[in-house]
Amino acid sequence: MKTCWLHQQGNQDCLLFMAGWGMCPEPFHDIPARSVDVLMLYDYRSMDCEDISSALENLQEKAPYRKIHLLAWSMGVWAASMLFANKTLSVPGLTPPLTSMFASTIAIGGTCHPIHDKLGIPENNFADMAERLSPARVKTFHRSMFADEQQANRFATSFRKGERSFEKIRLELLALDTAYRRQPDVANIYTSRIVTGRDQIFPARNQVRAWGRKKCRTLSLPHFPFYHWPSWSAMVEELTS
């Protein structure tokens, strides 16, 4: 797992952003922060607890924030639940599980069962993607994350500036598949559960079924929803209200 500060400006609040599969920081850099610092976690080829413990320890020591919010997206929803509900994951000064460190925990465009016919990405869809992945199919996947061509082009232009090779992305997909098969049952740690109603990756009906109709909120957004808001702060404010 890798970390990247998208914004570190000495704000009182911090957003810990767990990205989805195959992402890099570049498509998120130009989203303004406004009043939160934003630390992104991505690249799930390795989900070593020591990596995340070190990142969180640095977060606690170097920038004692008033509030820390967790925003998990896509495959990051399962990954965050797996990591932060893990009682063996420790940070000095905090008692496991580490969910207590967050003022809010937001899931968007994903579920705690990411590879599941009724609760996540249908298993055949995921298997087909993993078996037949190619650079062209990665581009097709990226385009399917959007309902708006202008936003899709904005993402594609930024993504090309990143360091993620096709081989790294392929290995990450296989690693996520293996990790999920080993630990398919994780705790629902989320205080806000947002369904992306125009999602072509995680079907909206599966997201609703996973959370429960009365325990989630549906917004008319595609799988990649981040360009909908003018800033990270605005996103957190709306999704936790």
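Read the figures in this text as sums done on the coordinates, not as results from a lab. Everything numeric here is computed off the predicted structure, so don't read it as measured data. Cβ atoms come from the backbone with ideal geometry, glycine included; neighbour counts cover every protein chain shown.
So if we plug the beta-carbon distance of THR140 and LYS168 into 1/(1 + (r/R0)^6) with R0 = 30 Å, what FRET efficiency do we get, rounded to 0.05?
Numbers: r = 18 Å, r/R0 = 0.61.
Efficiency, from the Cβ-Cβ distance: 0.95.
At a 10 angstrom cut-off on C-beta neighbours, averaged per residue, how do the peptides 199-205, 119-125, 158-164 rank from highest to lowest? The partial results should precede the final answer.
Values: 199-205: 19.7, 119-125: 16.9, 158-164: 14.0.
Result, highest mean Cβ count within 10 Å first: 199-205, 119-125, 158-164.
Find how much the distance from GLN150 to ALA187 grows on full extension, using 0.36 nm per residue of separation minus their present alpha carbon separation; answer in nm with one decimal.
Details: separation 37, 0.36 × 37 = 13.32 nm, distance 3.67 nm.
Extending this stretch completely gives an extra 9.6 nm.
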Checklist entry - What pairs in LYS168/LYS215; LYS2/LYS139; LYS118/LYS139; LYS2/LYS67 have C-alpha atoms more than 31 Å from each other? => result LYS168/LYS215
Checklist outcome for this item: Matching label for the computed Cα extents along the principal axes in Å, out of [x] 62, 43, 27; [y] 45, 39, 37; [z] 46, 41, 32, is [y]
